[in-house]
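S.K.: Handing you a structure now.
Each value in this text was obtained by applying a stated rule to the coordinates, not by laboratory testing. Every value quoted in this text rests on a predicted model; they were computed, and no experiment measured them. Backbone-built Cβ (ideal geometry, glycine too); neighbour counts: all protein chains shown.
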Amino acid sequence: MGTPAESKRRVAFVLIDGLGDVSIPKFGCKTPLQAANVPNLDAIASAGVNGLMDPVEVGLGCGSDTAHLSLLGYDPRVYYRGRGAFESMGAGLAMSPGDIAFKSNFATLDEKTGIVTSRRADRHFEEEGPILCGALDRMKLPSFPEYEVRVRYATEHRCGVVVKGPRLSGNISGTDPLKDNRLLLEAKALDDTDEARHTAAVVNELSREISRILVSHPLNAKRLAEGKNIANIVLLRGCGIRIEVPPFQKKHDLWPCMVAPTKIIAGLGLSLDINILEAPGATGEYRTLLTSKATAIAKALSAPLQTCPNVFVPGEDEHKPGRSDGYDFGFLHIKAIDDAGHDKATVFKVKGLEAVDQAIGQLAKLMWQAESTGNFQYFICVTGDHSTPVEYGDHSFEPVPFAICRLKDFVGAIGGESVILETSLDTFPLPTVKVGEDLNEDIALGKGRNCKQVESLSGDSVFEFNEIAAARGALGRFPGGEMMGIIKRFLKLSA
């Protein structure tokens, strides 16, 4: 058996999208995290060090793309070039220098008034989306035949759109009005260059041609007959180009991998040369298999003892094997909690957090089994990329809790090896919530949480994982750009 100094130090980094929230009156003025029963998250807080993190800076409500760049150590003010490239690359579209891309929604347009009545034609669009994308892929623009248009389905109501050709600029606005019941916008140049004006003209014709193709598609006639929203427009937003940055491994001296069915996050990872792992059944929305995500990360972090999952390559039908020696930094992205915030699904956010907590317990068990061989020393880090309060239904500027601990300290906090080994590895769906369902009083008031507080490296007194408790942590309040430095410092101190 290897000694701790010889063991490979590896980090499971769990990012819960839209994690943070605000106090909710019907929960006794507690946040969903305070109301949820999350013993594994509490154990991480109890076993390690904690803090409150502003993903980019204090007071800034940010998107997931800029937040992720910041957290991974890439200043979005320097490197950000629009989110369209992330979505499109994550959906499987290869991008070359000079291409532009959009993060796009299938939406519903009132053709008589030009008003977008629903920015999301249907959140559950897994069957129709690929078919409609197939109808749009490689479409021709009558006035601009020299341009190639590629369209690929992403997740839910989203797709990636890439335009290839000469004299394209990423410095244009999009067509998305950003709220329902507003006029469809025209793309406009954001600078005084011929390239930007020309690109806006190309994109406006693209928008019209997409609508023409979708209006006549038989799937929309079928949806109309069934009383569903038709998808007769694709909203084009976040025009962007592929960023050029130092690879994550060279910047941080950690071999990274990622499980991210959400295509914009996968595309961001690919832009940083992070390998995207396959995780069967992981979808990037409500109907996802969290156990599959946890298993993929655990296998990647315990290779070469385990077989590392295959990785995704954009623009290719084949997948390639993962790194044979495994990875040092396993990034597990969980999207459903953000969706709950956007959908103002208060009860689901609480129950969804409890399901995430269960998956973290599974991840911890798998890593503990690998650590018991003496070949590895594991760490668990958990945080969010921004707040998505259910009261607001959108991203906000509140900071998010951050916690990191050694796995062996986590095991002590959760109750010992016997407790962690009893964790079931059975797959489970995210909970369903019935219309009008509420939480019982004990859950709503956060009663019954029971976590053993253990001594940590810093003497941190925090033993619950939530926005309020994290403020007492040893790390204080810090910007997201410092996060990777904190993680690497923690690994070094724990050697």
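S.K.: Could you work out how far helix 483-493 tilts from the main Cα principal axis of the chain, as a 0 to 90 degree angle to the nearest 10?
M.R.: For helix 483-493, the angle is close to 30 degrees.
S.K.: Next question, about the same structure. With a ≥ b ≥ c taken as the square roots of the eigenvalues of the C-alpha gyration tensor of region 272-425, please select rounded if a/c is under 1.5 and otherwise prolate if a/b is larger than b/c or oblate if it is not?
M.R.: Since a/c reaches 1.5 but b/c is at least a/b, the shape of region 272-425 is classed as oblate.
S.K.: Round to the nearest 10 and give me the degree value, 0 to 90, for the angle of helix 346-371's Cα axis relative to the longest principal axis of the chain.
M.R.: 60 degrees
S.K.: I've got another one for you. Excluding the sites themselves, what is the longest stretch of the chain that contains no trypsin sites (Lys or Arg not before Pro) in a DSSP loop with at most 11 other C-beta atoms within 10 Å?
M.R.: Numbers: sites that count: Lys112, Arg138, Lys140, Lys179, Lys434.
In short, 180-433.
S.K.: In terms of the ratio Rg/(2.2 N^0.38 Å) built on C-alpha atoms, what value belongs to region 224-294?
M.R.: Here the answer is 1.52, to two decimals.
S.K.: Past 30 Å, Cα to Cα, is the threshold; run Lys251/Lys408; Lys349/Lys492; Lys164/Lys188 against it and keep the listed order.
M.R.: On the way: Lys251/Lys408 28 Å; Lys349/Lys492 35 Å; Lys164/Lys188 19 Å.
As for pairs spanning more than 30 Å Cα to Cα, those are Lys349/Lys492.
S.K.: List the aspartates and glutamates whose Cα lies under 14 Å from the Cα of Lys250, skipping any in the same chain that are fewer than 8 positions away.
M.R.: Cross-link targets: Asp273, Asp328.
S.K.: With no solvent and one equal point scatterer per Cα, compute the Debye intensity ratio I(q)/I(0) for region 265-343 at 0.15, 0.23 Å⁻¹ and report its log10, rounded to two decimals.
M.R.: Rounded to two decimals, the profile gives -0.55, -1.15.
S.K.: Another one. Quick one: P(r) of region 84-240 from all Cα-Cα pairs, 5 Å bins, percents rounded to integers, in order of increasing distance.
M.R.: It works out to 2, 10, 20, 24, 22, 13, 6, 2, 1, 0, in whole percents.
S.K.: Leaving out same-chain residues fewer than 8 places away, which lysines sit with a Cα under 27 Å from that of Lys344?
M.R.: Lys344 reaches Lys26, Lys30, Lys103, Lys179, Lys228, Lys263, Lys293, Lys335, Lys434, Lys447.
S.K.: Here is a follow-up. Given R₀ = 41 Å, FRET efficiency for Thr113-Leu60 by Cβ-Cβ distance, to 0.05? Kindly include the intermediate steps, with their values, before the conclusion.
M.R.: Working: r = 35 Å, r/R0 = 0.86.
Result of the calculation: an efficiency of 0.70.
S.K.: Using only the alpha carbons, work out the radius of gyration and Dmax of the chain in angstrom.
M.R.: 22.8, 73
S.K.: Averaged over every viewing direction, what's the projected area of the C-alpha convex hull for region 101-173? Give it in nm², one decimal, please. Walk me through the numbers before you get to the answer.
M.R.: Numbers: hull surface 22.9 nm².
Answer in nm², one decimal: 5.7.
S.K.: Okay, next question. Give the separation of the Cα centroids, region 285-337 to region 397-416, in Å.
M.R.: So the two Cα centres are separated by 22 Å.
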